[in-house]
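*Asks:* Let me begin by handing over the structure; questions about it come next.
The values are calculated or read from the model by the stated rules, or taken from the named source; none is laboratory data. Predicted, not measured: the structure shown is a model, and the values here were computed from it. Quick reminder, even Gly has a Cβ in these numbers, built from the backbone with ideal geometry, and neighbours come from all protein chains shown. What goes into the accessible areas is simple: the full protein's heavy atoms, side chains included, and nothing from ligands, DNA or RNA. Shrake-Rupley method; radii C 1.70, N 1.55, O 1.52, S 1.80 Å.
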Amino acid sequence: MEFVLIIKKLEGTLNPEEKEVFDEWYGQSRSNREYFERQRKRFVRTGNLPHGDIDTVKAWGKISRRLHLAAPGYRKRRKKVSFAPYMVAAGMALLISLSVYFYKDMQTQQDMPQAVIEMGSSKAVLTLGDGTEVALRAGEEYSSATASSDGISVTYTGKNAPESSVSFNELTVPRGGEFMLQLGDGTRVWLNSDSRIRYPESFADGQPRIVDLVYGEAFFEVSPAEAHGGSAFRVTTRNQEIEVLGTQFNVSAYREDTAVTSTLIEGKVAINNGERHKQLVPGQQSVVTERDPDIVISKVDVYNAMAWKEGLFGFENKTLNEVMDVLGRWYDVQVEFKNKSLMSRRLGGMLSRKQSLQHILNALSAINEDLNFRVEGKTVIVE
């Protein structure tokens with residue numbers, strides 16, 4: 001599903017072939033229908049729909065090529081279309097108003113001086129059991145008796161060892177980085193910028209599989225317990241423990257945040273903070289703070305929680321302060337608010353992480369006319 005079909009549906013300009021593709025996507029799941037309805041209500045309310053003087057097909061073609069935002073899962077007409085709903089929604093969820101903005105402002109962007117700030121890339125530091133540190137970077141390979149890396153991910157062999165001889169490693173992803181880790185049991189972990197995880201090189205037979213998200217954000221695809229003799233998988237982080245039985249979930253526990261949020265995509269997890277024990281079902285998110293003994297659970301749009309893994313920024317109902325924290329980590333910049341009252345401003349939408357910081361800032365300014373950003377060296381000033 002290309003995002004332009006959403007625009008054309010809202011305009012009522014779909015041709016028969018496009019309508020067939022749209023209708024198949026729309027009827028495939030309740031999540032898809034709810035997503036479209038939210039967009040319809042939002043943009044009818046705000047009036048931010050493309051107008052007749054804009055060639056939306058041509059415009060989106062230029063925008064998607066420039067921003068690398070072609071959504072996965074779409075091909076020209078085919079008999080059977082298979083969509084992973086969360087990936088489709090993540091790929092489509094760029095605000096229509098931003099699309100129009102980029103179309104109108106493309107030439108201006110080409111003329112603007114670009115700050116020398118690089119977007120995030122694959123990089124991490126692997127700390128071995130003896131304290132040795134190994135820098136992992138895209139394009140560079142590393143191998144040992146227990147692990148290998150292609151510079152984008154690191155994979156462990158999974159050879160079981162006696163409990164007494166298990167060695168622990170750490171993987172640290174700096175600001176401006178991302179990395180994928182495959183544990184010895186086959187579990188895959190995506191780490192976002194400014195994150196660290198501690199884990200055993202291999203898991204002992206008959207023992208719980210335990211890893212520690214020291215800080216930061218991680219998305220887990222857990223190898224099911226049935227494949228490991230019923231061994232439970234547990235993630236500890238700060239003031240909570242998550243027990244898993246084969247699932248996909250996201251955990252955010254950044255050092256500057258007051259709460260740890262856990263979002264369940266599929267499967268089943270149990271959250272334990274020492275005071276309470278609660279289970280999540282898909283589509284729910286738990287919030288745990290050190291001050292409150294309770295575990296607060298709510299229904300959320302999981303697309304936003306996992307957007308970063310799909311190469312997107314998910315800013316649905318985020319404060320500007322939260323948005324700038326995310327941008328600061330990915331582009332490795334500092335943020336200074338000259339106007340403190342703007343910190344609590346709520347924003348919404350999704351943008352590609354594979355574009356310049358200046359593009360992101362210009363987009364935010366375009367839909368919030370009183371927002372002004374100035375880049376000085378490695379500092380973004382909000383005025």
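*Asks:* Given the peptides 347-356, 268-277, arrange them by the average over their residues of other C-beta atoms within 10 Å, most packed first.
*Replies:* For the peptides 347-356, 268-277, the packing ranking is 347-356, 268-277.
*Asks:* Just how much of R137 is accessible, in Å², when a 1.4 Å probe is used and the result is rounded to the nearest 10?
*Replies:* 120 Å²
*Asks:* Could you give the nm distance between label points at L245 and A270, where each point is 7 Å from its Cα heading toward the beta carbon?
*Replies:* Placing both labels 7 Å along Cα→Cβ, they lie 0.9 nm apart.
*Asks:* Let me ask you something else. How far apart, in nm, are the 7 Å Cα→Cβ label points at E290 and E322?
*Replies:* Modelled inter-label distance: 2.1 nm.
*Asks:* Separate question: Given bins 10 angstrom wide, list per bin the percent of all Cα-Cα distances in region 266-383, short to long.
*Replies:* All Cα pairs considered, the percentages come to 12, 37, 28, 19, 5.
*Asks:* Using r as the Cβ-Cβ distance of E376 and A135, and R0 as 30 Å, what FRET efficiency do you calculate, to the nearest 0.05?
*Replies:* Efficiency at R0 = 30 Å is approximately 0.55.
*Asks:* Of I242, I265, which has the most accessible area with a 1.4 Å probe, and how do the rest follow in descending order?
*Replies:* From most exposed to least exposed: I265, I242.
*Asks:* Note the direction-averaged projected area, equal to a quarter of the hull surface, for the Cα convex hull of region 232-294, in nm².
*Replies:* If you wrap the Cα atoms of region 232-294 in a convex hull and average its projections, you get 3.8 nm².
*Asks:* Mind giving me the nanometre distance, one decimal, between the label points for D23 and H277, set 7 Å out from Cα along Cα→Cβ?
*Replies:* 5.2 nm
*Asks:* Determine, from the Cβ-Cβ distance of D150 and E37 and an R0 of 45 Å, the FRET efficiency 1/(1 + (r/R0)^6), rounded to the nearest 0.05.
*Replies:* Efficiency computed from Cβ-Cβ geometry: 0.60.
*Asks:* What is the extension gain from K299 to D257, computed as 0.36 nm multiplied by their sequence separation minus the C-alpha to C-alpha distance, in nm to one decimal?
*Replies:* Length difference between fully extended and current span is 13.1 nm.
*Asks:* Roll a 1.4 Å probe over the protein chains and send me the accessible area per residue for region 118-195 in Å².
*Replies:* On a per-residue basis, region 118-195 sits at 46 Å².
*Asks:* Further question on the same structure: For region 241-381, what does the accessible surface come to per residue with a 1.4 Å probe? Please give it in Å².
*Replies:* 43 Å²
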